[in-house]
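What follows is one structure encoded as structure tokens, with my remarks underneath.
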Amino acid sequence: MSESYLVEVKKSVLVETSLTPKDFDPVSNLTLTDDFDERILMEFTSPDDAREWINTLNPKLSHRVGRLSIYDTHPQDESEVDAYLRFSPRH
């Protein structure tokens, strides 16, 4: 049985960066609709795979200085995801 690592893309990533929904891999993207107002869920085989993928997105950031990072969910977080993708601006 294969494990999966689910990452939810926080809306702020699309608001605070130059990234668009088209930048998210359709193969890994579990979002079943083109309506990205809901949420974007990405499925990976491991945390390392997710982090490697994020490193490919960081060079695409253009209008704000900062980095994309994966944050594991809090132990009391009851969502089905394992982590969140967030943008952290540099001050």
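The values are calculated or read from the model by the stated rules, or taken from the named source; none is laboratory data. The structure displayed is predicted, hence computed values, not measured ones. Cβ atoms come from the backbone with ideal geometry, glycine included; neighbour counts cover every protein chain shown. Only protein heavy atoms, including side chains, enter the accessible area calculation; ligands, DNA and RNA are left aside. Shrake-Rupley method; radii C 1.70, N 1.55, O 1.52, S 1.80 Å.
Observations on the model:
- Unmet requirement for Asp72, which otherwise passes all of (1) in contact with a Pro (Cβ under 9 Å, 6 or more places away or on another chain); (2) open to solvent by less than 90 Å² (accessible area, probe 1.4 Å); (3) at pLDDT 80 or above: (2)
So that you can scan it fast, the table gives a plain yes or no per residue for (1) at positive phi; (2) open to solvent by less than 100 Å² (accessible area, probe 1.4 Å); (3) at pLDDT 90 or above; (4) of a type in the set (Val, Ile, Thr):
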{"site": "Tyr5", "(1), (2), (3), (4)": "no, yes, yes, no"}
{"site": "Asn29", "(1), (2), (3), (4)": "no, yes, no, no"}
{"site": "Asp35", "(1), (2), (3), (4)": "no, yes, no, no"}
{"site": "Glu38", "(1), (2), (3), (4)": "no, no, no, no"}
{"site": "Asn55", "(1), (2), (3), (4)": "no, yes, no, no"}
{"site": "Ser62", "(1), (2), (3), (4)": "no, yes, no, no"}
{"site": "Val65", "(1), (2), (3), (4)": "no, yes, no, yes"}
{"site": "Ala83", "(1), (2), (3), (4)": "no, yes, yes, no"}
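- Unmet requirement for Val13, which otherwise passes all of (1) open to solvent by 60 Å² or more (accessible area, probe 1.4 Å); (2) at pLDDT below 90; (3) of a type in the set (Val, Ile, Thr): (1)
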